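Q: Got a structure for you, questions after.
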Amino acid sequence: MTAPATEIAEARYIGLDTWQDDAILTALLEGQKRALASVEAAIPDLARAARLAAGKLAAGGRLVYLGAGSPALISLGDALEIPQTYGVARDRIVMVFAGGQAITQNLTGADEDNADLARSDVAEAAVASGDCVIAISASGSTPYTVAGLQAARAAGAATVGIAGNAGAPLLGAAEVGVLLDAGPEVISGSTRMGAGTAQKAALNMLSTLIGVHLGHVHDGLMVNVKADNEKLRGRAARIVMRITGAEQGKALDALKLSDGAVKPAILIAAGVENLAEAGTLLGQTKGNLRAALAKIGAVTPALN
């Protein structure tokens, strides 16, 4: 039986358990570097995936993460961060994982082979044509993940498959296939390592580009956050000051009027009279801050 790339045991690691600590760690780091390098080749497909997902979210749909095992845990982190970082409503981010939320307490492999469970979970999540599903599997052949993606596509959802083996079923089942060819692991089959690093980097890049397409990034700044703690209040004030050139007091006053929402605070600090007018402007520009600032003739200072 021919092993997939993610399961190959390489001869260069024979005797690894007898090596010096520094040599083992160096080998592991080299594996991480190879994994990150593999993401570069996937950039065109990641760009296609981001536009697909952003289009669904902009039209009122949802972003659905689908996976099992370690890829599910990696997806979980990305899914939880999007609302905090880019202000996407939490009910627009859906997680469909083998074993459900219980995997955060006890990660087992039993459900990974259950294709029927995947189809049931996708149906329970009411995945439909307005959604975009991002399915991740290191091997690209995990039965739960492949069946779940197939069910989502049959329901009319846009689909993205991310896998580490060329020709994997998951890539063929997806509307957009993203190959992360990180190669064999230092510890054969330990795909939370190299493959996991590639998945983490790819998801970070993908969700960030989605945020850019949704108009939630301006000049490299997160402008769709809502300040709900001291750290975020400080960050929000600095963002308002940076984009508008306003003094700190004016920025803080604008944030108070907007109840901590950064986009309307920026417009208020830039000269919009009140929160209602800021909301109207953002509605007219589909939330795009740059377009809203242009409508009022605001000139933003250049970043230093």
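The values are calculated or read from the model by the stated rules, or taken from the named source; none is laboratory data. Bear in mind that the values here come from a model prediction, so they are computed numbers and not experimental data. Quick reminder, even Gly has a Cβ in these numbers, built from the backbone with ideal geometry, and neighbours come from all protein chains shown. For the accessible areas, the whole protein counts, side chains as well, though only heavy atoms, and no ligand, DNA or RNA atoms are used. Shrake-Rupley method; radii C 1.70, N 1.55, O 1.52, S 1.80 Å.
Q: Based on the mean of other Cβ atoms within 10 Å per residue, sort peptides 159-168, 189-198 so the most packed one is first.
A: So the order, starting with the most tightly packed, is 159-168, 189-198.
Q: Here are a few candidate values for P(r) over Cα pairs in 20 Å bins from 0, in percent: [x] 31, 48, 20, 1; [y] 29, 52, 18, 1; [z] 31, 61, 8. Which one was actually calculated from the structure I just gave you?
A: Here the calculated entry is [x].
Q: Classify segment 206-290 as rounded, prolate or oblate, taking a ≥ b ≥ c as the square roots of the eigenvalues of its Cα gyration tensor: rounded when a/c is under 1.5, otherwise prolate if a/b is larger than b/c and oblate if not.
A: Since a/c reaches 1.5 but b/c is at least a/b, the shape of segment 206-290 is classed as oblate.
Q: Please report the relative contact order for the chain, taking Cα pairs under 8 Å with a sequence separation of at least 6, and give it as a percent rounded to a whole number.
A: For the chain, the relative contact order is 19 percent.
Q: Compute the Cα gyration tensor for segment 59-99, then decide on rounded, prolate or oblate, letting a ≥ b ≥ c be the square roots of its eigenvalues: rounded whenever a/c is under 1.5, prolate when a/b is larger than b/c in the other cases, and oblate in all that remain.
A: Verdict is oblate for segment 59-99.
Q: Relative to the present Cα-Cα distance, how much length would full extension add between Gln20 and Asp228 at 0.36 nm per residue of separation?
A: 70.1 nm
Q: Then there's this: For labels at Arg12 and Arg238 in the simple 7 Å Cα→Cβ model, what's the distance in nm?
A: Distance between label points: 4.0 nm.
Q: Over the chain, with the other protein chains present, what is the accessible area per residue in square angstrom, probe 1.4 angstrom?
A: 48
Q: Leu171: net charge of surrounding residues, Cβ under 15 Å, Lys/Arg +1, Asp/Glu -1, itself excluded?
A: -1
Q: Carbon-plus-sulfur fraction of the accessible area of the chain, 1.4 Å probe, in percent?
A: It is 53 percent, rounded to a whole number.
Q: Quote the relative contact order of segment 175-304 in percent (integer), defining contacts as alpha-carbon pairs under 8 Å separated by 6+ residues.
A: 19
Q: Compare the peptides 56-66, 284-294, 175-185 by average per-residue count of other Cβ atoms within 10 angstrom and give them in order, highest first.
A: Ranked from most to least packed, the peptides come out as 175-185, 56-66, 284-294.
Q: Is the C-alpha gyration tensor of segment 114-174 telling us rounded, prolate or oblate? Criteria: a/c under 1.5 is rounded; beyond that, a/b larger than b/c is prolate, otherwise oblate.
A: Oblate, since a/c reaches 1.5 and b/c is not below a/b.
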